[in-house]
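One structure is given below, encoded as structure tokens.
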Amino acid sequence: MILAQITDTHLMSPNPAEPRAAARARALKQSVADINSLDPRPDAVIHTGDMTQTAAATEIALACELLAPLAMPLYVTPGNRDGRQALIGAFFGDDCVADGGFVHYAVNHHPVRLVAIDSLSGNNNKGNFCRARLDALDTTLAQAPARPTALFMHHPPFDVSTSLYPFQYNCRQAVAELATVVSRHDHVVRIFTGHSHRPYVAHFGGTVASTMPSVAPDLRQGDYPAAMADRPVYQLHRFDARGGFVSETRLVDA
Ligand SMILES: [Fe+2]
């Protein structure tokens, strides 16, 4: 199975006076075209949040327009910029929303089971979990213990030491409890996240967890070769039953 990951597109409403708006839209459009051009094509795409800058209806509409050409299924999880309701209205039916209005769902028909986790705190831009979400995850993971499973969410549940703000949750207890749940399920083979706008890989709950650069070029964090400055990047994760996921960051021709 091949999974493409895009994240932190931070789309802005079209505005000729705002050059970032056009640049971010272009970066996503080019990424989508590049994903579609791959041979073999990815089986699915995940967007790990901050699809939009402010969750404005015009931004959501632009996201739908730019993502529509994807030739494979797209699965999304909310970022702190998106707002749950805006994303739910555009991308989900009732079957994808857990009790309490959290965006929580499993995708069962790929070689790797995909489980989306809602990491939004709701009161600031950081992440959080509550008992309802942790219990829902525990239940979902227990439903298919023989299936290799990848989790995806917006906030990395680990310290990104290369960032000025390495820990992005309201409290460590929430992350510790997530680790406890994940560690109970050794079929969790990977955790994919966004939010940090930079590449980073860590161990979490007995598995491997990662985050990646933003698709939005102007928001990318970290040091990169000059040639990357205006080129969108996304990641490809290839799964093999014996070796798990291997990942590469793909640089798109601008
Ligand atoms: Fe972001």
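Bear in mind that the values in this text are calculations on the coordinates, not laboratory data. Worth saying up front: this structure is predicted, and the values here are computed from it rather than measured. Cβ coordinates were reconstructed from backbone atoms using ideal geometry, including for glycine residues, and neighbour counts include every protein chain displayed.
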> For the residue pair residue 54 and residue 85, what label-to-label distance in nm results when each label sits 7 Å from Cα along the Cα-to-beta-carbon direction?
Replying inline: 1.7 nm
> When the chain is modelled as a GNM with alpha-carbon springs shorter than 10 Å, which of 78, 16, 42 fluctuates the most?
Replying inline: 16
> Based on the Cβ-Cβ distance of residue 226 and residue 22, what FRET efficiency does E = 1/(1 + (r/R0)^6) give at R0 = 22 Å, to the nearest 0.05?
Replying inline: 0.55
> Once the Cα atoms of helix 57-67 and of the chain are each reduced to a long axis, what angle between those two axes, in degrees from 0 to 90 to the nearest 10, is obtained?
Replying inline: 90 degrees
>> What is the distance in Å between the Cα centroid of region 1-21 and that of region 232-254?
In response: 19 Å
> Given 5 Å bins starting at zero, what is the percent of C-alpha pairs of region 46-161 in each, up to the one with the largest pair distance?
Replying inline: 2, 11, 22, 23, 21, 12, 7, 1, 0
>> On alpha carbon coordinates alone, what is the Rg over Rh value for region 117-223, Rh being the Kirkwood radius?
In response: 0.97
>> Tell me the angle of helix 19-37 to the major Cα principal axis of the chain, expressed in degrees between 0 and 90 and rounded to the nearest ten.
In response: 60 degrees
>> Need one word for the chain: rounded, prolate or oblate. Basis is the Cα gyration tensor (sqrt eigenvalues a ≥ b ≥ c); a/c below 1.5 gives rounded, then a/b vs b/c decides.
In response: rounded
>> Multiplying the sequence separation of residue 68 and residue 142 by 0.36 nm and subtracting their Cα-Cα distance, what value in nm do you get?
In response: 23.3 nm
>> With θ taken as phi - 60° and the coefficients 6.51, -1.76 and 1.60, list the Karplus ³J(HN,Hα) couplings across region 150-165 in order, rounded to whole Hz; mark glycine and proline as x.
In response: 10, 9, 9, 7, 7, 7, x, x, 8, 6, 9, 5, 7, 9, 5, 10
> Sequence-distant or interchain residues sharing an amide H contact under 5 Å with residue 120, placed H: which?
Replying inline: 128
> Of the residues 205, 243, 89, which exhibits the maximal mean-square fluctuation in a Gaussian network model of the chain defined by a 10 Å Cα contact cut-off?
Replying inline: 243
>> With a 10 Å cut-off between alpha carbons and a GNM built on the chain, which of 188, 32, 97 moves the most?
In response: 97
>> For the chain, what does the helix formula give at 222 nm: sum of -39500 (n - 2.57) over DSSP H segments with n ≥ 4, over the residue count, nearest 500 deg cm²/dmol?
In response: -7500 deg cm²/dmol
